[in-house]
1. Hey, any hits in the stretch 99-108 for a residue that's under 24 Å from residue 21 (Cβ atoms), touching a helix residue (DSSP H, G or I) at 6+ places or on another chain (Cβ under 9 Å) and either modelled with pLDDT under 95 or within 16 Å of ligand 2 (Cβ to nearest atom) (or both)?
2. Report yes if some residue within the stretch 133-142 is within 16 Å of ligand 2 (Cβ to nearest atom) and either among the hydrophobic types (A, V, I, L, M, F, W, C) or buried (at least 21 other Cβ atoms within 10 Å of the Cβ) (or both); otherwise report no.
3. If you go through the stretch 163-183, how many residues are within 11 Å of residue 148 (Cα to Cα) and over 18 Å from the mean Cα position of the chain (by Cα)?
4. Taking residue 105 and the conditions (1) among the hydrophobic types (A, V, I, L, M, F, W, C); (2) in a helix (DSSP H, G or I); (3) away from ligand 1 (no atom under 13 Å from the Cβ); (4) buried (at least 17 other Cβ atoms within 10 Å of the Cβ), which numbered condition does it fall short on, given that it satisfies the others?
5. Give the stretch 121-176 a look and list any residue that's within 16 Å of ligand 3 (Cβ to nearest atom), among the hydrophobic types (A, V, I, L, M, F, W, C) and within 21 Å of residue 86 (Cβ to Cβ), or say none.
6. List pairs: first residue in the stretch 112-138 and within 12 Å of ligand 1 (Cβ to nearest atom), second residue of a type in the set (Lys, Arg) anywhere in the structure, Cβ distance under 9 angstrom, at least six positions apart or on different chains.
7. Does residue 78 qualify as being within 11 Å of ligand 1 (Cβ to nearest atom), over 30 Å from residue 273 (Cβ atoms) and not basic (Lys, Arg)?
8. Among 173, 159, 235, which is at pLDDT 95 or above and more than 22 Å from residue 256 (Cα to Cα)?
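The values are calculated or read from the model by the stated rules, or taken from the named source; none is laboratory data. These figures come from a predicted structure and were not determined experimentally. Glycine also receives a Cβ, built like all others from the backbone with ideal geometry; neighbour counts cover every protein chain displayed.
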Amino acid sequence: HAKSLGRGAASVFDPQMDETAQARIILERDLRDALATKAFELHYQPLVELGGDQVNGFEALVRWRHPEQGLISPATFIPIAEETGLIVPLGDWILDQACRDAASWPSHISVAVNVSAVQLRHRTFAQTVLVALASSGLKPERLELEITESVLLDDTESILETLHLLRRTGIRIAMDDFGTGYSSLSYLRRFPFDKIKIDQSFVRNADSAADGAAIIRALVGLGASLGITTLVEGIETEAQLAAVRAEGAQQVQGFLFSAPKPAAEIARMLAGHEKRAAAA
Ligand code: C2E
Ligand code: MG
Ligand code: MG
Ligand code: MG
């Protein structure tokens with residue numbers, strides 16, 4: 001296993017190593033280079049308020065533009081970045097870039113940034129967030145941090161402290177992929193989340209669509225009684241949208257509205273909207 005080998009103990013093309021391990025080591029090396037050359041880009045996917053079908057924010061989703069392999073998905077490299085600690089400098093860049101991008105958008109549009117457990121546990125995390133806000137001029141009220149349940153599994157006291165500190169500045173905290181981890185409900189009592197993002201698996205699986213709808217209904221009801229906004233992820237069809245609307249969800253996100261798009265495209269689209277609004 002690649003991880004058990006000491007640093008530099010094996011050459012990249014060690015014939016003893018299986019292909020997966022080699023590919024992994026190459027990717028790890030390339031990831032270090034990518035950080036140095038800033039080979040990452042942020043794409044943005046709209047968050048849609050169901051009341052007036054208005055876009056009220058965008059989620060930043062990182063992509064890696066690899067010199068040979070093209071655009072690489074975060075599902076491939078975020079785990080490697082987490083294991084190697086590279087997620088800390090990468091996460092700093094993501095926060096800074098997302099705040100800069102959002103600062104140029106209309107003031108009612110927020111940005112949501114995914115934060116991994118490793119990043120959040122790092123002692124400089126709160127500082128990084130506050131510096132990103134200060135240097136971009138983005139108001140804390142326009143920043144939402146998305147964390148997953150795994151964040152709350154360990155080291156809870158210091159993590160809760162960090163989250164509370166950030167939330168007091170006006171930053172919102174969302175729990176991502178809600179319903180896929182452990183003890184989801186108890187976490188809602190441990191920390192005052194502003195939003196839960198109900199995992200896309202609940203709208204995805206057609207076979208269990210009825211169960212999915214029942215779970216969404218229950219979570220929306222729970223959110224409403226706790227004063228937490230509920231968003232349903234992964235809406236791909238009009239039928240799913242209608243079902244989720246009927247269950248009372250406040251926000252949605254998914255390919256039906258838009259896939260994640262490069263920052264420049266979002267900026268163009270928002271500028272077009274502003275112009276039309278001004279002309280009207
Ligand atoms: P996530 O935060 O739950 O993000 C939602 C993922 O679902 C995104 O995948 C998005 O493109 C995808 N998605 C959105 N709508 C639909 C839909 O209608 N159908 C389907 N099938 N998928 C949809 P993506 O961009 O590949 O990101 C995957 C995961 O990687 C994210 O899940 C998040 O956990 C992580 N990630 C992405 N960007 C970052 C980042 O900047 N930092 C950290 N720490 N993690 C990130
Ligand atoms: Mg997310
Ligand atoms: Mg999610
Ligand atoms: Mg996810």
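1. no
2. no
3. 1
4. With (1) among the hydrophobic types (A, V, I, L, M, F, W, C); (2) in a helix (DSSP H, G or I); (3) away from ligand 1 (no atom under 13 Å from the Cβ); (4) buried (at least 17 other Cβ atoms within 10 Å of the Cβ) applied to residue 105, the lone miss is (2).
5. Residues satisfying the conditions are 145, 147, 151.
6. These pairs meet every condition: 112/172; 112/195; 112/197.
7. Here the answer is yes, as residue 78 does meet what is asked.
8. Exactly one residue qualifies, and that residue is 173.
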